[in-house]
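This report concerns only the one structure given below.
The values are calculated or read from the model by the stated rules, or taken from the named source; none is laboratory data. Fair warning: this is a prediction, and the values are worked out from it, not measured in the lab. Neighbour counts are summed over all protein chains in view; Cβ atoms, including those assigned to glycine, are modelled from backbone coordinates with ideal geometry. Areas reflect the complete protein model, heavy atoms only, side chains present, ligands, DNA and RNA absent. Shrake-Rupley method; radii C 1.70, N 1.55, O 1.52, S 1.80 Å.
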Amino acid sequence: MEIVIIGAGVVGLAAAWRTAARGASVTLVDPDPASGASNVAAGMLTPVSELTYGEEPLLRLGLASLARYPAFVAELEELTGAETALRTDGVLQVAFDSDDLAYLEDLRRFQESLGLAPEHLSGRECRKQEPMLAPSVRGGLLVPADGSIDPRRLTAALLAAAEKLGVRLVRRRAEAVLVERDAAAGVRLDDGTRLPADRVLLAAGPWSSDIGGLPPGTVPPVRPVKGQVLRLRTRVPFLRRCTRGLVKGSSIYLVPRADGEVVVGATQEEMGFDTRITAGGLWELLRDARELVPGITELEFAEVSAGLRPGSPDNAPVLGPSALPGLVLGTGHFRNGILLTPVSADALAETLLDGTVPEAARPFTPDRFEVTA
């Protein structure tokens, strides 16, 4: 079977690897692989820590994906010899003031009602876990099952795995999906080249809605949601684990790496396709990070970047066959692209090759957005 995948972000790369591993001939189309949101993301694997009300199906999908991560990474690292810096040592959530603590308490009760078991910690116990936390931290939750991974290492490994299995990488922009006999039949590139295919996977992130050639309404509207992220460096141990905080209602996270990098993020801005770095965005990140961890201002500045998360109308992923036969969608992952990579890749490979949607992905098929007269 000939498969063409539009988009070489983390989901497109992982789907290419999984699909090629099952014997398909795969062509991956992207002018700049692994350069979008995957390159900016901090890599938190936090289905429990980031749980919000009304997202129970997304929680189940996230937990299923997190459970697959150790085997997924082990197979990937064995194939490529690369390291992805997977960490499964838990995530600490902390509250800056009494209102933030009240929110975390509500969240804890909600988590427990779903059978989850976060550990409640006093302010003193939080500082025992992370000595660099400010004395003003009021309390928090320890979620032992959550973790993190380095997305840049992950995408590099996925690209290497795809190439080892013979995936053809075409560094061009996909201009349109070819439609013949009312079905997707391939992709036309921006230089006019036509790539025929039995099936096409559209995994172009926030650009998924902009691909030409498709009947109206084939792809649900996917919007860009800007996120600005700081990367700092330290030569001495600073944080033991991924730490999320609420500071007067604002969310902040700090993700430490074994090599001394500390990722601080992230803003959430509805600014269209604007990826400019702003003084206000960086100030907000540093302000809130300093409230939780005053020593953050002593770290070396390494990098600042901005990416565009793909947000669907309900902020949940879009996985499965579209209304156009032969076209499969893998987009709309919003804040959860890295977390949902293993489960999304397996689901998309199964859909492309067998025409079936696995049970875990069924609540997220594109037809949930269809409007009937």
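The table below gives the values:
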item: Flag if residue 289 is open to solvent by 10 Å² or more (accessible area, probe 1.4 Å) and either touching a residue at least 12 places away in the same chain (Cβ under 8 Å) or among the aliphatic types (A, V, I, L, M) (or both); result: no
item: Verdict on residue 160 being within 30 Å of residue 2 (Cα to Cα) and not basic (Lys, Arg); result: yes
item: Subset tally (residues that are over 23 Å from the mean Cα position of the chain (by Cα) and not in a loop (DSSP other than H, G, I, E, B)) for the stretch 116-169; result: 15
item: In the stretch 319-332, the residues that are more than 24 Å from residue 276 (Cβ to Cβ) and either assigned to a strand (DSSP E or B) or among the β-branched types (Val, Ile, Thr) (or both); result: 319, 320, 321, 327, 328, 329, 330
item: All positions within the stretch 34-73 that are in a loop (DSSP other than H, G, I, E, B) and either open to solvent by 40 Å² or more (accessible area, probe 1.4 Å) or more than 16 Å from residue 341 (Cα to Cα) (or both); result: 35, 48, 49, 50, 51, 52, 53, 54, 55
item: Scope the stretch 90-108; condition more than 19 Å from the chain's Cα centre (by Cα) and under 16 Å from residue 148 (Cα atoms); matching residues; result: 92, 93
item: The listed residue being modelled with pLDDT of 95 or more and at positive phi, out of 147, 81, 123; result: 81
item: Exclusive hit being within 21 Å of residue 223 (Cβ to Cβ), in a strand (DSSP E or B) and either touching a Gly at 6+ places or on another chain (Cβ under 8 Å) or hydroxyl-bearing (Ser, Thr, Tyr) (or both), set 306, 316; result: 306
item: Selection count, the stretch 343-373, where residues are of a type in the set (A, V, I, L, M, F, W, C) and assigned to a loop (DSSP other than H, G, I, E, B); result: 3
item: Checking residue 339 against (1) in contact with a strand residue (DSSP E or B) (Cβ under 8 Å, 6 or more places away or on another chain); (2) surrounded by fewer than 19 Cβ atoms within 10 Å (Cβ to Cβ), the condition it does not meet; result: (2)
item: Residues that are out of contact with any Asp or Glu (no Cβ under 7 Å at 6 or more places or on another chain) and of a type in the set (D, E, K, R), drawn from the stretch 116-149; result: 119, 124, 125, 127, 128, 130, 146
item: All positions within the stretch 54-91 that are among the hydrophobic types (A, V, I, L, M, F, W, C) and more than 18 Å from residue 358 (Cα to Cα); result: 71, 73, 74, 76, 79, 82, 85, 86, 91
item: Pairs with Cβ under 8 Å, 6+ apart, first in the stretch 115-137 and under 12 Å from residue 245 (Cα atoms), second open to solvent by 50 Å² or more (accessible area, probe 1.4 Å); result: 133/127; 134/291; 134/294; 137/127
item: Residue match in the stretch 322-341 (condition: in contact with a helix residue (DSSP H, G or I) (Cβ under 6 Å, 6 or more places away or on another chain), farther than 23 Å from residue 84 by Cα, β-branched (Val, Ile, Thr) and in contact (Cβ under 8 Å) with a residue 24 or more places away in the chain); result: yes
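Here is a yes/no grid of residues against (1) open to solvent by 20 Å² or more (accessible area, probe 1.4 Å); (2) of a type in the set (S, T, N, Q); (3) more than 17 Å from the chain's Cα centre (by Cα):
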site	(1), (2), (3)
284	yes, no, yes
314	yes, no, no
324	no, no, yes
343	no, no, no
358	yes, no, yes
